[in-house]
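Enquirer: Please find one structure pasted underneath; my questions will follow.
The values are calculated or read from the model by the stated rules, or taken from the named source; none is laboratory data. Given the structure is predicted, the values throughout are model-derived calculations rather than measurements. Here the Cβ positions follow ideal geometry from the backbone for every residue, glycine too, while neighbour counts run over all protein chains shown. Ligands, DNA and RNA are excluded from the accessible area calculation, which covers all protein heavy atoms including side chains. Shrake-Rupley method; radii C 1.70, N 1.55, O 1.52, S 1.80 Å.
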Amino acid sequence: MKILVQKFGGTSVRDKESRARAISHIEKALQEGYKVVVTVSAMGRKGDPYATDSLLDLVQFPSSDISDREQDMLMSCGETISSVVFAHELLQSGLRAASFSGAAAGFLTNDDFTRAKILRMDPSRILQELETHDVIVVAGFQGKTELGDITTIGRGGSDTSAAALGAALKAEYIDIFTDVEGIMTADPRLVESARALHAVTYNEICNLAYQGAKVIHPRAVEIAMHAKVPMRVRSTYSDDPGTLVSASREGERGNDLPDRLVTGIAHMAGLSQIKVQSKEDPSKLQSEVFKSMAEANISVDFINISPSGVSYTIDSVYTHQAVSILEDLGYEPEVKEGCAKVSTVGAGITGVPGVTAKIVQTLIDRGVQILQSADSHTTIWVLVKDEDLIQAVNALHDIFELNVG
């Protein structure tokens, strides 16, 4: 039995027309001799009635005091509704289809609600159902604990669900369908000259995804990489083959893809930069600040620690909460709202002199102020003002000639 796993995101299932396009991809896979397991996200984006963010608005999240367990019960509804609607339309198209919750599909997780980790996959029910069905539709983003509580596996969880199913079912491919043609060199909504990449390595796309490229979740890539299942990132709205994600060149297993100096420019907007200084006991400050953020479940990023204090970024939605916590500890945080992180990502950066100099000079030439910077062996980050984001991303995309195939 040849199995293909396909994942359709929120925009791909938001309305009947989009779902019809998704069904056409399933029909083509069936014609090619595959059995198809589909993972679906909640329908649409915020504002659409069954989107995850719309469901959270029902309980005034994040200002409400809803427990993580109750939050998971609410958030899982979007994918459940989506799976039933999608399976129904497959049946109307003449295909033998059935829908399953994440729990029924074999997802067993820990009880870390809202960000649960998959402990075990039992694909036996899916394999049994594929004997009599063409398509199995699984509600993404969700699973259950040993006690039977519903869990969700974090934002981007439908990608992770698809990867886990692909690994457990030993699928030929995992297809991630979205609203763009594949993995792009930058966000095409910001950079007109952004282009789709024909092939990338697992490591390259992981780096891009962790730095803000939203086309696929890095946890999904890591699962596929470990299981050695190739992924294809494709557009729901075209028949283009998209971007192949693997460890080798297409058709030449065993050969590494050559390292590119820069693979792409990623970004994260809507951040707040927080600086906290102390002349009395810096080591106490460093410990207290990050411990207090962790206890409040506020994720911190872009961390710089110096003898006199710390600076870091958080999602802007948590700015007021973070400031209140720090003031209660006796600190006077300096806050800069409206920030964005711009990341230059490439496996070929390692050991190459002059890359940082080129980034800094390019941004200076364009009048972009760098608020903070950091680097690793594959990524160089800069923090800029939100108002400079488009300028910064386009400037770096141009200087590294990413519009050239």
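Enquirer: Which residues, taken from segment 105-119, are open to solvent by 40 Å² or more (accessible area, probe 1.4 Å) and either assigned to a strand (DSSP E or B) or farther than 15 Å from Ala167 by Cβ (or both)? Lay out the reasoning, then the answer.
Expert: So in segment 105-119, the residues open to solvent by 40 Å² or more (accessible area, probe 1.4 Å) come out as 110-112, 115, 117-119.
If the condition is that a residue be open to solvent by 40 Å² or more (accessible area, probe 1.4 Å) and either assigned to a strand (DSSP E or B) or farther than 15 Å from Ala167 by Cβ (or both), then Asn110, Asp111, Asp112, Arg115, Ile118, Leu119 are the ones that fit.
Enquirer: So, one more: Within segment 120-150, which residues are surrounded by fewer than 18 Cβ atoms within 10 Å (Cβ to Cβ) and either touching a Leu at 6+ places or on another chain (Cβ under 6 Å) or in a loop (DSSP other than H, G, I, E, B) (or both)?
Expert: Hits for segment 120-150 are Arg120, Asp122, Glu131, Thr132, Glu146, Leu147, Gly148, Asp149.
Enquirer: Here's something else I'd like to know. Name, by its number, the condition in (1) in contact with a Ser or Thr (Cβ under 9 Å, 6 or more places away or on another chain); (2) surrounded by 17 or more Cβ atoms within 10 Å (Cβ to Cβ); (3) over 15 Å from Val135 (Cα atoms) that does not hold for Arg69.
Expert: Condition not satisfied by Arg69: (2).
Enquirer: Sticking with this one: Out of curiosity, is Arg14 open to solvent by 20 Å² or more (accessible area, probe 1.4 Å), among the charged types (D, E, K, R), touching a Gly at 6+ places or on another chain (Cβ under 8 Å) and at pLDDT 95 or above?
Expert: It is true that Arg14 is open to solvent by 20 Å² or more (accessible area, probe 1.4 Å), among the charged types (D, E, K, R), touching a Gly at 6+ places or on another chain (Cβ under 8 Å) and at pLDDT 95 or above.
Enquirer: Which of the numbered conditions does Arg189 fail, given that it passes all the others? Conditions: (1) on the phi > 0 side of the Ramachandran plot; (2) modelled with pLDDT under 95.
Expert: (1)
A quick yes/no check of all residues on (1) of a type in the set (Asp, Glu); (2) touching a strand residue (DSSP E or B) at 6+ places or on another chain (Cβ under 7 Å); (3) open to solvent by less than 50 Å² (accessible area, probe 1.4 Å); (4) under 27 Å from Arg125 (Cβ atoms):
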position	(1), (2), (3), (4)
Ala167	no, no, yes, yes
Ala171	no, yes, yes, yes
Ile174	no, yes, yes, yes
Phe177	no, yes, yes, yes
Val191	no, no, yes, no
Asn207	no, yes, yes, no
Met225	no, no, no, yes
Pro230	no, yes, yes, yes
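Enquirer: Determine whether Val310 is buried (at least 16 other Cβ atoms within 10 Å of the Cβ) and either among the hydroxyl-bearing types (Ser, Thr, Tyr) or free of Cβ contacts under 8 Å to residues at least 60 places away in the same chain (or both). Let's see the steps before the verdict.
Expert: Details: buried (at least 16 other Cβ atoms within 10 Å of the Cβ): yes; either among the hydroxyl-bearing types (Ser, Thr, Tyr) or free of Cβ contacts under 8 Å to residues at least 60 places away in the same chain (or both): yes.
It is true that Val310 is buried (at least 16 other Cβ atoms within 10 Å of the Cβ) and either among the hydroxyl-bearing types (Ser, Thr, Tyr) or free of Cβ contacts under 8 Å to residues at least 60 places away in the same chain (or both).
Okay, residues lined up against (1) over 16 Å from Ser158 (Cα atoms); (2) part of a loop (DSSP other than H, G, I, E, B):
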residue: Ser54; (1), (2): yes, no
residue: Pro62; (1), (2): yes, yes
residue: Cys77; (1), (2): no, no
residue: Phe86; (1), (2): no, no
residue: Glu89; (1), (2): yes, no
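Here is a yes/no grid of residues against (1) more than 20 Å from His397 (Cβ to Cβ); (2) of a type in the set (S, T, N, Q):
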residue: Asp149; (1), (2): yes, no
residue: Ile153; (1), (2): yes, no
residue: Ser158; (1), (2): yes, yes
residue: Glu181; (1), (2): no, no
residue: Met184; (1), (2): no, no
residue: Asp187; (1), (2): no, no
residue: His198; (1), (2): no, no
residue: Tyr202; (1), (2): yes, no
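Enquirer: Looking only at residues that are polar (S, T, N, Q) and open to solvent by 30 Å² or more (accessible area, probe 1.4 Å) in segment 242-283, which one is modelled with the highest pLDDT?
Expert: Taking segment 242-283 as the starting set, the residues that turn out to be polar (S, T, N, Q) are 243, 246, 248, 255, 263, 272-273, 277-278, 283.
Retained after the next criterion (residues that are open to solvent by 30 Å² or more (accessible area, probe 1.4 Å)): 255, 277, 283.
Working: Asn255: 51, Gln277: 92, Ser283: 83.
Result: Gln277.
Enquirer: Of all the residues that make up segment 136-188, how many are polar (S, T, N, Q) and more than 30 Å from Ala340 (Cβ to Cβ)?
Expert: Applying the first criterion (polar (S, T, N, Q)) to segment 136-188 yields 142, 145, 151-152, 158, 160-161, 178, 185.
Narrowing the set further to residues that are more than 30 Å from Ala340 (Cβ to Cβ) leaves 142, 145, 151.
Summing the residues that are polar (S, T, N, Q) and more than 30 Å from Ala340 (Cβ to Cβ) in segment 136-188 gives 3.
Enquirer: Can we say Gly212 is open to solvent by less than 30 Å² (accessible area, probe 1.4 Å), in a loop (DSSP other than H, G, I, E, B) and either among the basic types (Lys, Arg) or in contact (Cβ under 8 Å) with a residue 24 or more places away in the chain (or both)?
Expert: Numbers: open to solvent by less than 30 Å² (accessible area, probe 1.4 Å): yes; in a loop (DSSP other than H, G, I, E, B): yes; either among the basic types (Lys, Arg) or in contact (Cβ under 8 Å) with a residue 24 or more places away in the chain (or both): yes.
When the stated conditions are applied, Gly212 passes them.
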